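Here is the structure we will look at.
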Number of protein chains: 2
Amino acid sequence: MAKRLRIEKLVVIGVGLIGGSFALALKRERAVGLVVGVGRTRANLAAALDLGIIDEAAADPALAVARADLVLLAMPVGQMPAVMRRIAPHLAPETVVTDAGSTKRDVIAYARRYLRRSLARFVPAHPVAGTERSGAAAAWPGLYRGRNVVLAPLPENAPAAVRLARAAWQACGARVLTLAAREHDAIFAAVSHLPHVVAYALVNSLARRRDAPGLFGFSAGGLRDTVRIAGSSPEMWADICMANRDLVLACLARYQAELERTRALIARGEAAALRRLFERARAARERWLVPADRRG
Amino acid sequence: MAKRLRIEKLVVIGVGLIGGSFALALKRERAVGLVVGVGRTRANLAAALDLGIIDEAAADPALAVARADLVLLAMPVGQMPAVMRRIAPHLAPETVVTDAGSTKRDVIAYARRYLRRSLARFVPAHPVAGTERSGAAAAWPGLYRGRNVVLAPLPENAPAAVRLARAAWQACGARVLTLAAREHDAIFAAVSHLPHVVAYALVNSLARRRDAPGLFGFSAGGLRDTVRIAGSSPEMWADICMANRDLVLACLARYQAELERTRALIARGEAAALRRLFERARAARERWLVPADRRG
């Protein structure tokens, strides 16, 4: 950035891990003046004030967004339509809006319906970060450092709005990439949504067994890693699967076919072919890990 | 142990991570006199000698086992029949044999065929430990500390033989449990063999995509954990799937049904039911983790 980023008023709607860490990172960079937090839960907003994540708390997003330079929509995607409809009439002509949703086609569809007058300044984004923890208390300024943030700009977007959204995420330490919304949703169906479905289903298939209570204690640790993401928010992940339904189903169909191929080799006792299949998987995983590790 | 464990001569057939760590742990406890290592690969045996894992190296297991107190079979299960047949005529009446195979019914079937005269002193075992690393250079004395070792003693076993095997694994720092062979194989089909098949199939289903090379870089880390065990030895895991075929197929069938149930909810747009399914998985995982963490 030639010019130093300065956001006089930032409004974060949904002050959880994602929204709170965004505010803290921009504060750390002295890139932001006033931070207003909006949320439904009084206790969480009080915690966010106490922790210095936000400077003011508000219950009504319509009042909060007045004269904002930047608004981050960081609440669950299920609340997106209601919040957009509520804030739309109150967005100033210069206010830029961005979001943190894990799926982009659905958020864009909501924006086209509810943010029509502000569409030029709505820049869809997906920060690829998070942990199993949630709430303002989990927020920390380093969450986005070195992580990917995908922007999925609209054809209608004003270049200055995209520049501001990009600069804000970069100021958080993120690597900012650009993808078309459909490409984004297809990629994340594969690398994120499918693995979550796989992990939830694996846990459930074991949990239905009569000997389930004692099972886990026998694992050497492999199972624990494989199902770690089954600890993620059921509400959020059910929403994501629904929002990205067509592409998740396409990934699931490929995976089910692959599993059936593997099952058939085991059933027919084809040890050599099974070994080759496992070798292909190990080689692919190693090819993936090397560049990922080099990136640090 | 009332009496201090003392193994004058230990023979380790297959001086890799598992066999090498067993020898090192017993040496650290001063529970062992001479350690003879047997292997097919000269370089690996030389490394084991250099690292002080073994005191003598041998290529022929038949010569090595003479006058041994304890023999550990720690080579790939595929080599089990040949090695058992080779050593059987040379086992002294007092020599106890144990193994480190991941499946127990198949190893026991081989022992019944090839170790007939020594069956009373063959104590089947499965140390539940390991990493993606292999070979003598990966061995370390702490590998078994706090880990489970499952014994699956035979009805024919002499009590003194079971006591020696148990004492040896306990001296390595392991928690020794006893299971019937079929129960062992059913439990590990669920908590270990199935998760490996799931992880290999997930990687393969992604690797077949045209956009595969760039995919992994978009993951936030969830995928990396989920497929970590797809880095495991393809030869070993193909062997395990074949050796435990019936029980692996039974687990796979349950898992495929669970996946199909999940897919149907997504396809039909049943968000609330999907959320409940994910909630059940998260709750089961949390129930499992609490005792596992308390165990340290």
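At a glance:
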quantity: Checking B:W169 against (1) at pLDDT below 95; (2) away from chain A (no Cβ under 14 Å), the condition it does not meet; calculated: (1)
quantity: Residues (more than 7 Å from chain A (Cβ to nearest Cβ) and touching a helix residue (DSSP H, G or I) at 6+ places or on another chain (Cβ under 7 Å)) located in the range B:266-278; calculated: B:A273
quantity: Whichever residue in the range B:102-127 is in a loop (DSSP other than H, G, I, E, B) and free of Cβ contacts under 8 Å to residues at least 60 places away in the same chain and, among such residues, is nearest to B:L17 (Cα to Cα); calculated: B:P124
quantity: One residue from A:S205, A:S134, A:S219 being under 13 Å from the mean Cα position of the chain (by Cα) and buried (at least 16 other Cβ atoms within 10 Å of the Cβ); calculated: A:S134
quantity: A:R4 vs. criteria farther than 30 Å from B:R275 by Cα and in a loop (DSSP other than H, G, I, E, B); calculated: yes
quantity: Residue match in the range A:87-102 (condition: of a type in the set (S, T, Y) and out of contact with any Asp or Glu (no Cβ under 9 Å at 6 or more places or on another chain)); calculated: yes
quantity: Among (1) assigned to a helix (DSSP H, G or I); (2) without any contact (Cβ under 8 Å) to a residue 60 or more places away in the chain; (3) of a type in the set (K, R) - the single one B:K27 does not satisfy; calculated: (2)
quantity: In the range A:151-198, residue nearest to A:A109 (Cα to Cα) [restricted to those that are touching a residue at least 40 places away in the same chain (Cβ under 8 Å) and of a type in the set (S, T, N, Q)]; calculated: A:S192
quantity: Among the candidates B:S232, B:S192, B:S219, residue that is closer than 25 Å to A:A129 by Cα, facing chain A (nearest Cβ under 10 Å) and of a type in the set (S, T, Y); calculated: B:S219
quantity: B:V83 among the β-branched types (V, I, T) and within 27 Å of B:C241 (Cβ to Cβ); calculated: yes
quantity: Filter result (assigned to a loop (DSSP other than H, G, I, E, B) and either at pLDDT 95 or above or over 30 Å from A:S219 (Cα atoms) (or both)) within the range B:63-100; calculated: B:V65, B:A66, B:R67, B:A68, B:D69, B:A74, B:L91, B:A92, B:P93, B:E94, B:T95, B:A100
quantity: Cross-chain or 6+ apart pairs with Cβ under 6 Å, the range B:245-265 first and within 7 Å of chain A (Cβ to nearest Cβ), then in a helix (DSSP H, G or I) and hydroxyl-bearing (S, T, Y); calculated: B:R254/A:S205; B:Y255/A:S205; B:E258/A:S205
quantity: Residue count for the range B:279-291, restricted to those that are within 7 Å of chain A (Cβ to nearest Cβ), surrounded by 15 or more Cβ atoms within 10 Å (Cβ to Cβ) and out of contact with any Ser or Thr (no Cβ under 8 Å at 6 or more places or on another chain); calculated: 6
quantity: Any pair with Cβ under 9 angstrom, 6 or more apart, that starts in the range B:199-215 at a residue that is at the interface with chain A (Cβ under 7 Å from one of its Cβ atoms) and ends at one that is assigned to a loop (DSSP other than H, G, I, E, B) and surrounded by 13 or more Cβ atoms within 10 Å (Cβ to Cβ); calculated: B:A199/B:V227; B:A199/B:S232; B:Y200/B:V227; B:Y200/B:S232; B:L202/B:V227; B:V203/B:V227; B:L206/B:V227; B:L215/B:R209
quantity: Answer residue from the range B:159-180, given it is at negative phi and part of a loop (DSSP other than H, G, I, E, B) and is surrounded by the fewest Cβ atoms within 10 Å (Cβ to Cβ) among those; calculated: B:A180
quantity: Every residue from the range A:30-62 that is assigned to a helix (DSSP H, G or I) and aliphatic (A, V, I, L, M); calculated: A:A43, A:L45, A:A46, A:A47, A:A48, A:L49, A:A62
quantity: Residue check, A:G19 in a strand (DSSP E or B) and either farther than 18 Å from A:S118 by Cβ or in contact (Cβ under 8 Å) with a residue 40 or more places away in the chain (or both); calculated: no
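Rundown of residues vs (1) of a type in the set (A, V, I, L, M, F, W, C); (2) closer than 20 Å to A:F188 by Cα; (3) out of contact with any helix residue (DSSP H, G or I) (no Cβ under 8 Å at 6 or more places or on another chain), yes/no style:
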| site | (1), (2), (3) |
| --- | --- |
| A:Q79 | no, no, yes |
| A:M84 | yes, no, no |
| A:A88 | yes, no, no |
| A:V96 | yes, no, no |
| A:S102 | no, yes, no |
| A:I108 | yes, yes, no |
| A:Y114 | no, no, no |
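Rundown of residues vs (1) hydrophobic (A, V, I, L, M, F, W, C); (2) modelled with pLDDT of 90 or more, yes/no style:
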position	(1), (2)
B:L223	yes, yes
B:Q256	no, yes
B:T262	no, yes
B:G269	no, yes
B:E279	no, yes
B:P291	no, no
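The values are calculated or read from the model by the stated rules, or taken from the named source; none is laboratory data. Every value quoted in this text rests on a predicted model; they were computed, and no experiment measured them. Neighbour counts are summed over all protein chains in view; Cβ atoms, including those assigned to glycine, are modelled from backbone coordinates with ideal geometry.
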